Amino acid sequence: MRAWVVGHDGFRVGVALLAVGLAVSVYAFVRVPSPYGGPIPMWFLTPPALATLSALSVRNEIPVVGWADRRLRRARLGWALAVTALTGACAALVGANAGQDRLPELTMTLTGLTFGAAVAVGRGSAALGAACLVAVVGSTVALHDLTPARIWDHLAWPGQTAAAIVCAVAVTAYARFGAPGSAGGLSG
Amino acid sequence: MIGRRRWWLLAPFLVVAGYALLANRDWVGGWAGAVDRTTGSTVLTGPVLASIAAGLQLGVTRLRPISETTVRGHAVPYRSAAQAAAIGVVGYGATLAGAVAVTLSVPHGGPAQWWTGFAGVLVLVLAALFGALCAHLLPSPLTVVAAGPTLFLIGAFGPAPLPEALRFGPTGSLVGLQVVASVYLTRFALVVALCVCLGVAMAPWRVYPRRIRLLTAAGAAGVVTAGAAVGVFAAGTGIGDTRLERSAEGPTACAGTAPTVCVAPSERRLLAGVQRAIGRGAEVLRSAGVDLPARYVQQLPYAEAPAGSGEFYLDDREDRSATESVLMLTHPASCPQWSQDTPPFAALDAQQVIAEWAAARHGERPTAFSPEMEKWLPHLDDAATTSWVVRTFDQLRSCDLDRIVLPWDLD
């Protein structure tokens, strides 16, 4: 277990996620000045920031040799769920301080999708969260009235179910295939 | 300098640059706006480039045991920064080309200070150095992810004058305006000083002999002092404020007759729509006997409309209601009272009443903006109201704003 966490750079990423969660929960209402249409509340940047950071833990340096397929998949699934839950917890902290419902759900969805994207592009899946960050910063005016709860309500139950299914498929795909590493024969 | 395999790093840069250009299209059509928007795209592409530079530097970190033993091993982080800067400059050139292409695709015009585009190059070089330095000092994948957002947050919250070094735009509408050259050149000097500081910080302090270390430290101190002096001077001269001044651009792109409508060449793409709206409003007012100026010109900052011309505020909407069309005509003269500390409230209300009256004649439903007007609305179609409109418009045209009385306040 410890080797698995270390192999995924898990301690460092975990500390970074917690640090972001704690820092943003303290400064949840601080507005980041953007030249693209006014200031953005810090809590708005939390889901993509956490998802981007979590992408660093999708790949590991643990050799595949010695792992039974089923055990390896279980380990990957557990890892993906653990990181997703951690980002959700950090987002819940921010959401509680910012008074924003559904922030954890959106963050966990984005993190799940990040793990799914990692099947194709490895740590490059950080681009998903980064793209959302850029979109938020660049579309401040368009997103002025948007809140996580509104996004969630706008999806309605078919959309929410679809998001949950896509997220589950993404995490399952990660558990099944892992993320491509820079070297062959790794179990990530 | 850059291997073929690394040019793919241009892709995220170009995606972000394209988004920064096209997320908002209010700059389209004016050369000044095109340059400003391109320069302003570095607020987003700069952080992306910082992360790219950090990634490049991290990639060569594994060779550090070998590279540190070579004569020019200390140049490795500089090389990473240079590679990232090259990617940034190529991407920036492509962004500028994109902005020019978008501008050429619509009716366009206006002056531009093309040299201000150099600010973007400087910001990107600064970002590349910052990213490479971060990964040089903290070689970790976390650094690659954090370098970009950190640079963005420094631009947002950093102590003055750092934000001025990182954020050269987008300024907003530059129609009729230009940047003050001395302010920009001071900011350029500040960015260069910061680049030198970052470059010095990347120097291999431990491997040099004591004398060279002392000399380098003295040099670094000099540079930092110079940079600080530039910063203090910059802060003292107020470069934190966007220093803009009036440009030579005037409302010279005209169309139509009775009235002739003129806009700044940068807004030429909006001319047809404005002319349509003003023509529609003019028809209603003329039919009631209102005497309109022969020419309406766009309001520009720090500029007054020529004597005898009306003026209007221009936004970039395509469609305007009858009320909005008539409202554009209710500045038939450039009066000093409009820019007084206390605005002429009665005149402002009168403009709105005229617009609602015209909208009603155009078949639209008028809207009351006060309880008094709500009570008065049944009298909107009276002949007395028409004569009030003609009289009030004449008062607006002769700048006799103090004598304007709203129709429900008449005896």
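The values are calculated or read from the model by the stated rules, or taken from the named source; none is laboratory data. What you are looking at is a predicted structure, and each value in this text was computed from that prediction instead of being measured. Ideal geometry is used to build each Cβ from the backbone, glycine not excepted, and the neighbour counts take in all protein chains shown.
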>> Can you report the number of residues in segment B:46-66 which are surrounded by fewer than 24 Cβ atoms within 10 Å (Cβ to Cβ) and within 12 Å of chain A (Cβ to nearest Cβ)?
In response: 4
> Taking segment B:277-318 as the search range and keeping residues that are closer than 14 Å to residue B:362 by Cβ and of a type in the set (D, E, K, R), which one is surrounded by the most Cβ atoms within 10 Å (Cβ to Cβ)?
Replying inline: B:280
> Do we find a residue being surrounded by 15 or more Cβ atoms within 10 Å (Cβ to Cβ), within 14 Å of chain B (Cβ to nearest Cβ) and either without any contact (Cβ under 8 Å) to a residue 24 or more places away in the chain or not in a helix (DSSP H, G or I) (or both) anywhere in segment A:162-179?
Replying inline: yes
>> If the requirement is being surrounded by fewer than 18 Cβ atoms within 10 Å (Cβ to Cβ), among the β-branched types (Val, Ile, Thr) and either within 14 Å of chain B (Cβ to nearest Cβ) or on the phi < 0 side of the Ramachandran plot (or both), which of these qualifies: A:13, A:30?
In response: A:30
> Hey, among A:51, A:55, which residue is at the interface with chain B (Cβ under 10 Å from one of its Cβ atoms), surrounded by 23 or more Cβ atoms within 10 Å (Cβ to Cβ) and either closer than 21 Å to residue A:138 by Cα or in contact with a helix residue (DSSP H, G or I) (Cβ under 6 Å, 6 or more places away or on another chain) (or both)?
Replying inline: A:55
>> Please return the ranges of helices (runs of 4 or more DSSP H) entirely within segment B:17-127 where 2 or more residues are of a type in the set (A, V, I, L, M, F, W, C).
In response: B:31-40, B:42-61, B:76-104
> Which of (1) away from chain A (no Cβ under 14 Å); (2) crowded, with 21+ Cβ neighbours inside 10 Å; (3) under 20 Å from residue B:197 (Cβ atoms) does residue B:137 not meet, given it meets every other one?
Replying inline: (2)
> Does residue A:127 satisfy the criteria of being part of a helix (DSSP H, G or I), more than 26 Å from residue B:149 (Cα to Cα) and modelled with pLDDT of 85 or more?
Replying inline: no
>> On the basis of being within 24 Å of residue A:177 (Cα to Cα), touching an Asp or Glu at 6+ places or on another chain (Cβ under 7 Å) and touching a residue at least 60 places away in the same chain (Cβ under 8 Å), does residue A:56 make the cut?
In response: yes
> Do we have any residue at all in segment B:6-13 that's more than 25 Å from residue A:123 (Cα to Cα) and either within 14 Å of chain A (Cβ to nearest Cβ) or part of a helix (DSSP H, G or I) (or both)?
Replying inline: no
>> So for segment B:376-389 (the condition being touching a residue at least 40 places away in the same chain (Cβ under 8 Å) and in the same structural domain as residue B:327 (by TED's automatic domain parsing)), does at least one residue qualify?
In response: yes
> Among helices (runs of 4 or more DSSP H) lying entirely in segment B:140-206, which contain 2 or more residues that are over 24 Å from residue A:134 (Cα atoms) and among the aliphatic types (A, V, I, L, M)?
Replying inline: B:181-201
>> If residue A:145 satisfies all but one of (1) in contact (Cβ under 8 Å) with a residue 24 or more places away in the chain; (2) not in a helix (DSSP H, G or I), what's the number of the condition it fails?
In response: (1)
>> Anything in segment A:39-95 that is outside any helix (DSSP H, G or I) and basic (Lys, Arg)? List them, or say none.
In response: A:59
> Of the residues in segment B:382-406, how many are of a type in the set (Asp, Glu) and closer than 22 Å to residue B:371 by Cβ?
Replying inline: 1
>> Whether any residue in segment B:94-104 is touching a residue at least 24 places away in the same chain (Cβ under 8 Å), over 19 Å from the mean Cα position of the chain (by Cα) and more than 22 Å from residue A:38 (Cβ to Cβ) is what I want to check.
In response: yes
> Scanning segment B:388-411 for residues that are among the hydrophobic types (A, V, I, L, M, F, W, C) and under 36 Å from the mean Cα position of the chain (by Cα), which turns out surrounded by the most Cβ atoms within 10 Å (Cβ to Cβ)?
Replying inline: B:396
> What are the residues in segment A:133-161 that are closer than 29 Å to residue A:77 by Cβ, surrounded by fewer than 19 Cβ atoms within 10 Å (Cβ to Cβ) and of a type outside the set (A, V, I, L, M), if any?
Replying inline: A:152, A:157, A:158, A:159, A:160, A:161
>> Considering only segment B:32-40, I want to know if a residue exists there that is surrounded by 16 or more Cβ atoms within 10 Å (Cβ to Cβ) and either among the aromatic types (Phe, Trp, Tyr) or free of Cβ contacts under 8 Å to residues at least 60 places away in the same chain (or both).
In response: no
